[in-house]
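Report on the following structure.
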Amino acid sequence: MTLNELIDMLARQPRVAVLTGSGISAESGIPTFRGADGLWKQFRAEELATPEAFRRDPKLVWEWYRFRRQIIREAEPNAGHLALAEMEKRLPHFVLITQNVDGLHQRSGSRKVIELHGNIFIDRCVRCGKEVDRSLDPESNEEIPHCECGGLFRPGVVWFGETLPPDALDRAWNAAEQCEVFFSIGTSAVVYPAAGLPELAHRRGARVVEINPEATAVSVHADLIMRESAAKALPEIVAHLQSVKPS
Ligand code: NAD
Ligand code: ZN
């Protein structure tokens with residue numbers, strides 16, 4: 001499929017599902033896990049983003065999360081996030097599924113966002129399950145934050161080895177199953193089950209578009225590959241949708 005064919009297809013207002021990964025936030029200055037700047041101190045993300053790491057050393061894990069929250073607070077959505085928010089306005093059947101925990105899609109105006117891996121600004125009590133949104137709070141200096149019930153708070157994200165929130169996963173599968181165009185953007189598609197979504201869409205006959213400067217596991221299923229950054233490729237697509245009336 002060519003870019004022009006994609007634009008023609010979008011103009012007919014098909015059902016669109018989009019999956020984003022950390023690559024779309026890279027140009028906002030938020031490191032991806034597997035990129036060159038993915039290390040923190042000497043640790044790989046896979047050594048910190050696990051329930052075992054939290055049990056072993058909650059103080060260390062919290063230190064890393066506070067560091068990441070601060071980067072995200074200071075970051076701004078980029079042209080890629082903004083283009084997706086604009087696409088949502090112009091396409092009546094549009095679902096955005098993200099593996100990101102940074103909330104930048106919401107901050108750039110996207111409304112229908114399915115967060116598969118939670119949100120980094122949520123504190124969740126490991127004892128009573130209470131959740132507190134910290135996105136507007138200054139970061140607490142408490143080394144390990146505690147709930148009023150006495151339990152430890154942990155970040156409200158999905159760690160390696162944990163299951164995804166069933167409701168979000170359900171909605172994501174439905175969107176992938178039913179869409180006619182599926183975008184895979186800035187994800188290496190190695191983290192399951194999210195990585196299975198492009199494959200499912202492809203099997204159900206959707207056109208798959210990949211936006212990623214590098215080849216990934218999705219590339220073999222892709223009908224159109226844009227080997228560009230998200231902040232460059234997405235505004236290009238949206239510029240052509242200007243003739244489509246916003247809803
Ligand atoms: P990943 O680190 O495995 O892959 C990132 C992908 O983005 C790579 O394929 C890379 O080639 C691509 N990429 C890099 N720069 C890009 C750009 N400018 N435009 C488009 N693509 C670009 O990340 P992942 O597959 O998302 O999986 C890691 C998990 O870690 C995620 O599921 C997420 O939960 C978590 N995470 C989240 C954030 C965030 O919220 N911003 C950041 C790091 C990790
Ligand atoms: Zn509690």
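The values are calculated or read from the model by the stated rules, or taken from the named source; none is laboratory data. What you see is a predicted model, and the numbers here were worked out from it, not measured in a lab. Don't worry about glycine lacking a Cβ; one is built from the backbone with ideal geometry, like all the others, and counts go over all protein chains shown. Note: accessible area is taken over every heavy atom of the protein model, side chains too, but ligands, DNA and RNA are not part of it. Shrake-Rupley method; radii C 1.70, N 1.55, O 1.52, S 1.80 Å.
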Query raised in the report: Does any residue in the range 224-238 that is closer than 21 Å to Pro198 by Cα and not assigned by TED's automatic domain parsing to the domain that holds Ala83 come within less than 9 Å, Cβ to Cβ, of a residue that is in a helix (DSSP H, G or I) and hydrophobic (A, V, I, L, M, F, W, C) six or more places away or on a different chain, and which pairs are these?
Result: none
Requested in this report: Kindly indicate whether Val191 is within 26 Å of Asn78 (Cβ to Cβ), modelled with pLDDT under 95 and not in a helix (DSSP H, G or I).
Outcome: yes
Query raised in the report: Can you name the residue in the range 194-213 that is part of a loop (DSSP other than H, G, I, E, B) and touching a helix residue (DSSP H, G or I) at 6+ places or on another chain (Cβ under 9 Å) and is also nearest to Leu164 (Cα to Cα) among such residues?
Result: Ala194
Query raised in the report: Any idea which of Lys130, Lys41 is more than 16 Å from ligand 2 (Cβ to nearest atom), of a type outside the set (Ser, Thr, Tyr) and either surrounded by fewer than 20 Cβ atoms within 10 Å (Cβ to Cβ) or closer than 23 Å to Ile185 by Cβ (or both)?
Result: Lys41
Report summary line: Taking the range 188-214 and keeping residues touching a strand residue (DSSP E or B) at 6+ places or on another chain (Cβ under 8 Å), farther than 20 Å from Arg12 by Cα and open to solvent by 10 Å² or more (accessible area, probe 1.4 Å) leaves Asn212
Report task. For residues that are away from ligand 1 (no atom under 12 Å from the Cβ) and part of a loop (DSSP other than H, G, I, E, B), scanning just the range 104-123, find the one that is modelled with the lowest pLDDT. Result -> Lys112
Report summary line: Apart from one, (1) within 16 Å of ligand 2 (Cβ to nearest atom); (2) buried (at least 18 other Cβ atoms within 10 Å of the Cβ) all hold for Pro58; the odd one out is (2)
Report summary line: Quick count over the range 124-176, residues being of a type outside the set (Phe, Trp, Tyr) and in a loop (DSSP other than H, G, I, E, B), is 28
Query raised in the report: Of all residues in the range 89-102, which are surrounded by 23 or more Cβ atoms within 10 Å (Cβ to Cβ) and not in a loop (DSSP other than H, G, I, E, B)?
Result: Phe94, Leu96, Ile97, Thr98
Requested in this report: Kindly establish whether Pro213 is more than 9 Å from ligand 1 (Cβ to nearest atom) and under 23 Å from Ile30 (Cα atoms).
Outcome: no
Query raised in the report: List pairs: first in the range 168-190 and farther than 20 Å from Leu91 by Cα and in the same structural domain as Ser229 (by TED's automatic domain parsing), second among the β-branched types (Val, Ile, Thr) and assigned to a helix (DSSP H, G or I), Cβ under 7 Å, 6+ apart or cross-chain?
Result: Gly186/Ile24
Requested in this report: Determine the pairs where a residue that is without any contact (Cβ under 8 Å) to a residue 40 or more places away in the chain and crowded, with 16+ Cβ neighbours inside 10 Å, located within the range 1-23, has a partner that is assigned to a strand (DSSP E or B) and small (Gly, Ala, Ser) with Cβ atoms under 7 Å apart, the partner being 6 or more residues away or on another chain.
Outcome: none
Requested in this report: Might you check whether a residue that is within 24 Å of the chain's Cα centre (by Cα), more than 8 Å from ligand 2 (Cβ to nearest atom), in contact (Cβ under 8 Å) with a residue 60 or more places away in the chain and open to solvent by less than 30 Å² (accessible area, probe 1.4 Å) occurs anywhere in the range 137-154?
Outcome: yes
Requested in this report: Among the candidates Ala53, Ala85, single out the residue that is within 16 Å of the chain's Cα centre (by Cα) and away from ligand 1 (no atom under 12 Å from the Cβ).
Outcome: Ala85
Query raised in the report: Can you find even one residue in the range 91-105 that is acidic (Asp, Glu), within 28 Å of Leu197 (Cβ to Cβ) and in contact with a Cys (Cβ under 9 Å, 6 or more places away or on another chain)?
Result: no
